[in-house]
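The block underneath contains the structure these notes are about, expressed in structure tokens.
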Amino acid sequence: MSIGFNAKVRGWRGSARWLSLIVALGLLAAACGDDDTAATGSDEGGGSGEEATGADAEPSGTLRLGYFPNVTHAPAIIGVQEGIFEEKLGSAELELTTFNAGGEAIEAMLGGSIDATFIGPNPAINGYSQDNDLLRIVAGSTSGGASLVVREGVDSVEDLAGTTLASPALGNTQDVALRAWLADEGYETTQSGGGDVEITPQENPDTLTAFLDGAIDGAWLPEPWATRLVDEAGGHVLLNEADIWPDGQFVTTHLIVSADYLAENPANVRALIDGLLDAIDIANDDAGQAQAIVNDGIEADTTNRLEDETIAGAWENLTFTPDPIASSLEKSKEDAVEVELLEDVDLDGIYDLTILNELLAERGEAEVDGL
């Protein structure tokens with residue numbers, strides 16, 4: 001697929017489907033989990049390799065960047081809308097692609113169509129399990145912003161028996177979280193929709209329609225869809241996912257870069273992360289302004305605009321941070337293994353935070369840790 005310079009290509013889909021990627025994990029994960037050497041020469045999650053980090057080089061060439069037109073990708077959208085990434089990259093070209101699901105983004109990286117993308121934790125784990133030389137997590141972006149929203153009459157965990165719940169896609173971040181939480185609560189689920197609680201993976205707009213029609217009893221969704229089920233469909237939050245994580249912090253979106261691209265173009269990656277830090281500052285400094293920018297970006301990419309009340313409500317459940325919250329990634333992996341959506345994989349080497357920590361140090365901010 002040819003992508004023109006500075007073009008936004010919506011809804012890219014590879015020839016392989018997301019479900020086939022998940023099925024392939026059982027065959028490939030064991031063989032791909034042994035090499036824990038990071039692309040920049042570091043074998044530690046925090047990144048301490050001796051190769052260049054781009055600090056003294058100028059960006060050049062092209063950076064092909066992906067993101068989702070979703071409020072959980074707010075810093076990415078701000079970076080695009082405000083021209084921050086382009087400014088930081090200088091003479092380097094920026095090509096933009098938007099995705100609808102993490103599986104599509106991983107397929108694009110596997111196929112060599114993108115160099116970097118903002119993405120959720122479980123798709124990143126799945127991609128790494130396919131090939132541990134494929135990608136590196138280089139920065140965080142967003143924490144929080146996922147909830148289990150249910151209909152009237154479902155007021156406790158006990159009321160979930162025999163219900164039908166939706167998730168965005170089989171094996172995606174919220175799907176894994178839902179299945180693992182239900183297992184902890186004593187409920188059995190199956191990938192085919194059986195068990196004590198039926199789980200129906202479907203696209204988020206379809207979930208809103210199904211909830212309005214009474215075809216499902218609830219859904220574990222990211223923002224803004226969780227808020228939309230409350231505001232537009234009369235649902236209520238049974239569980240905010242933040243309540244089951246230490247300090248309420250868990251990675252929702254982080255930035256991954258092709259390992260080869262990181263090794264070959266550190267100056268470009270440095271410019272991208274530098275721009276991300278500026279975008280996170282904007283997201284945190286003035287919520288009203290940031291929400292308007294993000295809503296403008298969502299409308300530009302999808303032709304649809306969120307209600308002001310919806311984006312404001314969703315914003316309250318999100319934290320924007322460059323910390324990738326590595327401990328939550330390890331737990332997400334363990335959850336995916338527990339619910340049999342992933343063969344166990346060693347995540348040592350998935351992080352390279354060298355450039356991020358250099359930039360944080362330059363700003364007088366605390367460094368962050370990998371695994």
**Asked** What's the number of the condition Thr72 fails, among (1) in contact with a helix residue (DSSP H, G or I) (Cβ under 7 Å, 6 or more places away or on another chain); (2) within 17 Å of Thr173 (Cβ to Cβ)?
**Response** (1)
**Item:** Qualifying residue in the range 242-261 (condition: buried (at least 17 other Cβ atoms within 10 Å of the Cβ), closer than 23 Å to Phe320 by Cα, among the polar types (S, T, N, Q) and out of contact with any Asp or Glu (no Cβ under 9 Å at 6 or more places or on another chain))
**Value:** yes
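Checking the condition buried (at least 23 other Cβ atoms within 10 Å of the Cβ) and either at pLDDT 95 or above or over 23 Å from Ile114 (Cβ atoms) (or both), which residue from Ala267, Ala366, Ala283 passes?
Numbers: Ala267 fails: buried (at least 23 other Cβ atoms within 10 Å of the Cβ); Ala366 fails: buried (at least 23 other Cβ atoms within 10 Å of the Cβ).
The match here is Ala283.
Taking the conditions exactly as written (touching a Gly at 6+ places or on another chain (Cβ under 8 Å) and modelled with pLDDT under 50), does Gly33 satisfy them or not? Let's see the steps before the verdict.
On the way: touching a Gly at 6+ places or on another chain (Cβ under 8 Å): no; modelled with pLDDT under 50: yes.
No, not satisfied.
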**Message:** Condition first: over 25 Å from Gly171 (Cβ atoms), under 17 Å from the mean Cα position of the chain (by Cα) and not hydrophobic (A, V, I, L, M, F, W, C). Now tell me which residues in the range 76-107 satisfy that.
**Reply:** Gly79
**Asked** For the range 312-321, does any single residue satisfy the condition of being under 16 Å from Ile355 (Cα atoms), within 17 Å of the chain's Cα centre (by Cα) and either open to solvent by 20 Å² or more (accessible area, probe 1.4 Å) or touching a residue at least 24 places away in the same chain (Cβ under 8 Å) (or both)?
**Response** yes
**When residues of the range 348-361 are limited to those that are in a loop (DSSP other than H, G, I, E, B) and out of contact with any Lys or Arg (no Cβ under 6 Å at 6 or more places or on another chain), the one most open to solvent (accessible area, probe 1.4 Å)** = Asp348
**Message:** Given the criteria under 17 Å from the mean Cα position of the chain (by Cα) and over 29 Å from Asp213 (Cα atoms), does Ala169 qualify?
**Reply:** no
**Request:** Determine the pairs where a residue that is farther than 14 Å from Ile273 by Cα, located within the range 352-371, has a partner that is in a loop (DSSP other than H, G, I, E, B) and open to solvent by 70 Å² or more (accessible area, probe 1.4 Å) with Cβ atoms under 8 Å apart, the partner being 6 or more residues away or on another chain.
**Result:** Gly370/Glu44
**Complete:** Output for Cβ contacts, cut-off 6 Å, separation at least six or different chains, first residue modelled with pLDDT of 95 or more in the range 80-94, second hydroxyl-bearing (Ser, Thr, Tyr), reads Ala92/Ser60; Glu93/Thr62
**Request:** Being farther than 21 Å from Gly144 by Cα, among the aliphatic types (A, V, I, L, M) and at pLDDT below 95 narrows it down to one of Leu347, Leu371, Leu359, Leu341, so name that one.
**Result:** Leu341
**Prompt:** Failed condition for Asn100, given (1) touching an Asp or Glu at 6+ places or on another chain (Cβ under 6 Å); (2) open to solvent by 10 Å² or more (accessible area, probe 1.4 Å), with all others met?
**Reply:** (1)
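Can you tell me which of Ala210, Ala215 is surrounded by 15 or more Cβ atoms within 10 Å (Cβ to Cβ) and in contact (Cβ under 8 Å) with a residue 40 or more places away in the chain?
Exactly one residue qualifies, and that residue is Ala210.
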**Residue count for the range 128-173, restricted to those that are open to solvent by less than 10 Å² (accessible area, probe 1.4 Å) and modelled with pLDDT of 95 or more** = 23
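The values are calculated or read from the model by the stated rules, or taken from the named source; none is laboratory data. Quick caveat: nothing in here was measured; it's all calculated off a predicted structure. Cβ sites come from the backbone with ideal geometry, for glycine too, and all protein chains shown count toward neighbours. When the accessible area is computed, the model is the full protein with side chains, heavy atoms only, and any ligands, DNA or RNA have been set aside. Shrake-Rupley method; radii C 1.70, N 1.55, O 1.52, S 1.80 Å.
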